[in-house]
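Inspection log for the structure reproduced underneath, given as structure tokens.
The values are calculated or read from the model by the stated rules, or taken from the named source; none is laboratory data. Just so it is clear, the structure is predicted and the values come from calculations on it, not from any experiment. Note that we place each Cβ from the backbone using ideal geometry, even for glycine, and neighbour counts take in every protein chain shown. In case anyone asks, the SASA skips ligands and DNA or RNA and just uses the protein heavy atoms, side chains included. Shrake-Rupley method; radii C 1.70, N 1.55, O 1.52, S 1.80 Å.
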Amino acid sequence: MPSLSDIVFFRDVADLDLAPFERRCIWRSFEPGQTILDFDECSTDVYFLVSGDVRVQLRTPGGKELILADLHGGEFFGELSAIDGTARSANVTALTKAAICIVAEPLFQEVLAASPRLAARMMKLLARRIRELNVRLLEHMVLDIRHSLYAELLRLSAPRAGTQPARVISPPPFHQELASRIGCRREQVTRELGAMERDGLLARTRGALILPDPDGIRARIGRAMLRAE
């Protein structure tokens with residue numbers, strides 16, 4: 001049986017015995033492509049991702065879907081409905097086989113009330129998410145498609161071992177996925193990626209995109225921000 005202490009959020013909590021709470025949790029696994037939560041769903045459970053990857057998407061009134069985030073083992077979702085009781089505002093789908101601990105809203109509230117340390121941890125995580133969304137909102141408001149793509153590629157990238165300061169995105173995302181992340185058309189992404197290659201800002205290898213000069217990309221984003229009126 002998994003334990004709450006195996007989940008990053010609940011680790012190193014000295015002010016609470018987790019054993020009585022974890023017996024009331026539900027442990028489930030989801031297959032790739034399976035919907036975990038859907039738009040406007042009336043549920044208030046919180047989902048803690050023990051392992052695997054999931055994708056969070058928003059949908060416009062016209063039916064267009066935008067990728068908000070990909071979450072990985074140790075992260076959680078669904079907390080907003082557990083806090084304010086409103087219907088789900090996003091869809092969450094498993095990208096890989098995922099193991100999830102489902103915590104009902106009353107239990108979630110009970111745990112936070114019983115542990116000031118966990119309550120403070122939750123507030124810090126929510127504050128971080130708000131700051132990240134503020135950054136993306138600013139980019140959407142002031143950057144053109146080219147520089148929005150630059151910023152999104154940096155977010156998706158990780159340091160490339162042995163080739164600092166180069167960064168790598170592996171596996172490389174589909175062009176349609178990148179378009180859904182920044183709110184444009186696939187053809188626009190294809191065109192901008194080609195321009196990045198010609199400018200030496202992007203290289204392709206089997207199974208990866210390489211950003212050889214991330215500092216140069218950040219400088220271009222900074223200049224675009226300064227030009228914004």
* Sort out for me the Cα centre separation of the stretch 46-79 from the stretch 6-34, rounded to whole Å. => 18
* Asked: Which value, in Å² and to the nearest 10, is the accessible area of I26 when all protein chains are kept and the probe is 1.4 Å?
  -> 90
* State the extension gain, in nm to one decimal, for the chain segment bounded by N134 and M225, taking 0.36 nm per residue of separation less the distance between their alpha-carbons. => 31.3 nm
* Structure fact -> Zone reached by a paramagnetic label modelled 7 Å from E110 Cα along Cα→Cβ, restricted to the stretch 45-62 with backbone N below 19 Å, covers 45-48
* To do: Show the residues, 5+ positions off or on another chain, whose built amide H is closer than 5 Å to the amide H of F76.
  => L49
* **the chain - convex hull of alpha carbons, volume per residue in Å³** => 159
* Structure fact -> In nanometres, the difference between 0.36 nm per residue of separation and the alpha-carbon distance of A166 and R23 is 46.9 nm
* Asked: Calculated from DSSP H runs of 4 or more alone, at -39500 (n - 2.57) each and per residue, what is the 222 nm mean residue ellipticity of the chain, nearest 500?
  -> -12500 deg cm²/dmol
* **³J(HN,Hα) computed for each position of the stretch 195-207 - Karplus, 6.51 cos²θ - 1.76 cosθ + 1.60, integer Hz, glycine/proline x** => 5, 5, 4, 5, 8, x, 8, 9, 9, 10, 10, 5, x
* Asked: Once a ≥ b ≥ c are taken as the square roots of the eigenvalues of the Cα gyration tensor of the stretch 53-150, is the result rounded (a/c under 1.5), prolate (a/b larger than b/c) or oblate (a/b not larger than b/c)?
  -> prolate
* Structure fact -> Computed Rg/Rh for the stretch 100-200 (Cα atoms; Rh = Kirkwood radius) stands at 1.13
* Placed amide H near D53: partners under 5 Å, 5+ positions off or other chain -> L95, T96
* Considering amide H positions built from the backbone, and no H for Pro or chain starts, which residues 5 or more places from D45, or on another chain, come under 5 Å of its amide H? -> E105
* Gain upon complete extension [R204, V13; 0.36 nm per residue less C-alpha separation] -> 64.4 nm
* Asked: How big is D for the stretch 1-81, in µm² s⁻¹ as a whole number, if Stokes-Einstein is applied with the Kirkwood radius of its Cα pairs at 20 °C and 1.002 mPa s?
  -> 147
